Amino acid sequence: MKITRDVIRDLIPLYQAGEASSDTKRLVEEFLKQDPEFGREVSEGTRMPFDALPVELPAEHEIKTLERTKKMIRLRSWLMALAMFFTMLPFSFVIRLSGSEDTEKIRWSMWSDAPVVAGFSLVAAIGFWIAFYVMHRRLRVTSL
């Protein structure tokens, strides 16, 4: 079997990372000596971006990342609950019974009794929805 540039390209990351076996190192070095043009490409790093080799992270990093993600999910859940609460609050109603049993009246208590509070509630709801959306996007981007 003839060794081609493609085979050597596949072996170069292991060779450069120092993780190749002694036989593989010898094979790559011999090929690079036989093909000096390809050897220059490899040494200069042209056409072969191997700067992004895997980096070893501490073992605690995964645990810390998991805990941070759990906290962000909990916060997102609370933000959604508050956003839903403040969204629905101005639309709450009360059935008020008048003096007699025949006259029941549904009254939109928040809009008619306290329109300013209803307005602040909607503003708070918009704020919580925006915060929820931002947190949702952060979780999606982080997980990719």
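The figures follow:
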item	result
Filter pass, Thr142 being at pLDDT below 80, in a helix (DSSP H, G or I) and exposed (fewer than 14 other Cβ atoms within 10 Å of the Cβ)	yes
Residue check for Thr69: at pLDDT 90 or above and β-branched (Val, Ile, Thr)	yes
Test: residue in the stretch 96-116 that is modelled with pLDDT of 90 or more and either touching a Pro at 6+ places or on another chain (Cβ under 9 Å) or in a helix (DSSP H, G or I) (or both)	no
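The values are calculated or read from the model by the stated rules, or taken from the named source; none is laboratory data. Bear in mind the structure is a predicted one, so any value in this text is a computation, not a measurement. Neighbour counts are summed over all protein chains in view; Cβ atoms, including those assigned to glycine, are modelled from backbone coordinates with ideal geometry.
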